[in-house]
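The values are calculated or read from the model by the stated rules, or taken from the named source; none is laboratory data. Predicted model only: the values in this text are computed from it and were never measured. So basically every Cβ, Gly included, is an ideal-geometry build from the backbone, and we count neighbours across all protein chains shown.
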Amino acid sequence: MTEIVLGVGASHSTLMNTHWEETLHKDRAERFRDALRSARDELAAARPDTVILVGSNHFRGFWLDLIPSFTIGVGECIASGESGTPKGPQPVDVPLARHIANSLVEHGRFDVAFSARLQIDHGQSHAIQYLLDGLDVEIVPLVVNVFAPPLPTLDRCEQLGRAIRDAVLAFPEGRRVAVIGSGGLSHRLPWPDWREPHGDDEEFMVGAWLNGRENWQDYDARRREIIRAAEAALNPEFDDEFLTLVERGRTHRITEYTTEALEKTAGNGAQELRTWLLTAALLDHAPARRLAYEPMPEWLTGMAVAVLDPARITQERQP
């Protein structure tokens, strides 16, 4: 019997690795880091065999020459290792990954892309670094396009989460499966709509996204400079409202936002909330516990950690 034992939603930021000592709000940073450790301990206690790792792409594994809406890693998985995140091969639960990909297609629900040699970046490897440290688990990586429009709708992401849940629970070999959604909350990266770049920096970024497949490192220094020069644009009120939905098992309410409305309200980085939504759907929208929320302007991001426990799913959900 295969069962889904726990879910975690967690923000990520490479600035946490590269500029920890320059952090102004060190107390907030430490509370967030402590929450990651607590979530890691809860994952360890749940004893998963496999973690479905839902993350985004930051143009180190996917490029404008080809960006699917959803991609499942079904073979090798290689982490790019930028900014002090894990680098190199990652262990993949190939039988479960291929079962999920096959089930989605065979049941006519989703024609997802797959990769037998998937390169991931900190959109997933930050979670590997902080949430899977010391855990003897394999992963099933799922990459969601959140930065190169047109993006999959929030409703479509919720549907995919439910479809993957059905596939996982039907897996005949038996697994204890956890799910991690990595990204968000509110933040605005200095990244253009690739279809309409304006100015030298935006032209550079789009060029890097189009041409960086073989030499992304050559573009990385200027990319980092552009990001470091950006002004923070957080929306703590939105973040609190979103986390309240997660706590109440009502994450699906985020689907009431259009892609455009979500960006206007919480920034282009909030498009990563698709990973939290997918995670919640995989957990059948089990109520969550908020472990931390810290607005971190020096990391440009509202940083949060929450744990979704399916054991609480029978409790009455608040409206």
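Structure above, values below:
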item	result
Matching entry among 40, 31 (being in contact (Cβ under 8 Å) with a residue 40 or more places away in the chain and touching a strand residue (DSSP E or B) at 6+ places or on another chain (Cβ under 6 Å))	31
Pair list, Cβ < 7 Å and 6+ apart or interchain, from the stretch 1-12 residues that are farther than 17 Å from residue 291 by Cβ to residues that are among the aliphatic types (A, V, I, L, M) and outside any strand (DSSP E or B)	2/168; 2/169; 4/168; 4/282; 4/283; 5/46
Top-ranked residue in the stretch 259-288 [being of a type outside the set (A, V, I, L, M, F, W, C), in contact (Cβ under 8 Å) with a residue 60 or more places away in the chain and in a loop (DSSP other than H, G, I, E, B); ranked as surrounded by the fewest Cβ atoms within 10 Å (Cβ to Cβ)]	284
Flag if residue 231 is out of contact with any Asp or Glu (no Cβ under 7 Å at 6 or more places or on another chain), exposed (fewer than 15 other Cβ atoms within 10 Å of the Cβ), among the acidic types (Asp, Glu) and more than 18 Å from residue 63 (Cα to Cα)	yes
Test result for residue 56, surrounded by 20 or more Cβ atoms within 10 Å (Cβ to Cβ) and over 30 Å from residue 95 (Cβ atoms)	no
Test: residue in the stretch 2-11 that is surrounded by 21 or more Cβ atoms within 10 Å (Cβ to Cβ) and modelled with pLDDT under 95	no
Strands (runs of 3 or more DSSP E) enclosed by the stretch 1-93 - at least 1 residues per element that are under 16 Å from the mean Cα position of the chain (by Cα)	3-10, 50-56, 70-80
Criterion violated by residue 302 - all others in (1) of a type outside the set (A, V, I, L, M); (2) in a strand (DSSP E or B); (3) surrounded by fewer than 24 Cβ atoms within 10 Å (Cβ to Cβ) satisfied	(3)
Cβ-Cβ under 6 Å pairs, at least 6 apart or on other chains, the stretch 152-176 side within 15 Å of residue 283 (Cα to Cα), far side of a type in the set (Gly, Ala, Ser) and buried (at least 19 other Cβ atoms within 10 Å of the Cβ)	158/281; 161/281; 162/281
Pairs where the first residue, in the stretch 129-150, is on the phi < 0 side of the Ramachandran plot and the second is assigned to a loop (DSSP other than H, G, I, E, B) and aliphatic (A, V, I, L, M), C-beta under 7 Å, 6+ apart	145/67; 145/151; 148/64; 148/67
Candidates 168, 140 - the one that is outside any strand (DSSP E or B), among the hydrophobic types (A, V, I, L, M, F, W, C) and either touching a Cys at 6+ places or on another chain (Cβ under 7 Å) or within 21 Å of residue 309 (Cβ to Cβ) (or both)	168
